[in-house]
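What follows is one structure encoded as structure tokens, with my remarks underneath.
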């Protein structure tokens, strides 16, 4: 199972990678939308965690681009801000607010993979 973690915060990338690798996933990280698209094109990614606020391409645009190419790809929007009222995030399969406690993220990933 290959997971792509897209976040401009290096600490979040490291935290997610370490925790998810401990769960047995193969984890790729990207700090920009361009890097994320490059990995997405090159690897057969099974699930994406995607930050909304990115320095180059915002997460909503990235979500759309990924869904155009792989409509059934599970994408979890992960952000420090509450965007649930923004209809654009509804195209994702799940939405979580960032936290150092990754239990919610791990449960969400397991649920989406089981589908």
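What the table below lists for this structure:
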{"read-out": "Flag for residue 96 being assigned to a strand (DSSP E or B), in contact with a helix residue (DSSP H, G or I) (Cβ under 9 Å, 6 or more places away or on another chain) and at pLDDT below 90", "value": "yes"}
{"read-out": "Pick from segment 41-62, criterion in contact with a helix residue (DSSP H, G or I) (Cβ under 6 Å, 6 or more places away or on another chain) and free of Cβ contacts under 8 Å to residues at least 40 places away in the same chain, ranking: nearest to residue 99 (Cα to Cα)", "value": "52"}
{"read-out": "Sole residue being closer than 24 Å to residue 100 by Cβ and in contact with a strand residue (DSSP E or B) (Cβ under 8 Å, 6 or more places away or on another chain), chosen from 15, 73, 20", "value": "20"}
{"read-out": "Extreme residue, surrounded by the fewest Cβ atoms within 10 Å (Cβ to Cβ), among residues of segment 1-19 that are in a helix (DSSP H, G or I) and under 13 Å from the mean Cα position of the chain (by Cα)", "value": "17"}
{"read-out": "Members of segment 20-34 found to be in a helix (DSSP H, G or I) and either closer than 17 Å to residue 73 by Cβ or in contact with a helix residue (DSSP H, G or I) (Cβ under 6 Å, 6 or more places away or on another chain) (or both), listed by number", "value": "20, 33"}
{"read-out": "Some residue of segment 36-47 being assigned to a loop (DSSP other than H, G, I, E, B), farther than 15 Å from residue 76 by Cβ and modelled with pLDDT of 95 or more", "value": "yes"}
{"read-out": "The lone exception for residue 77 - which of (1) in a helix (DSSP H, G or I); (2) surrounded by 20 or more Cβ atoms within 10 Å (Cβ to Cβ); (3) modelled with pLDDT under 95 it fails", "value": "(1)"}
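The values are calculated or read from the model by the stated rules, or taken from the named source; none is laboratory data. These numbers come from a predicted model, not from an experiment. Ideal geometry is used to build each Cβ from the backbone, glycine not excepted, and the neighbour counts take in all protein chains shown.
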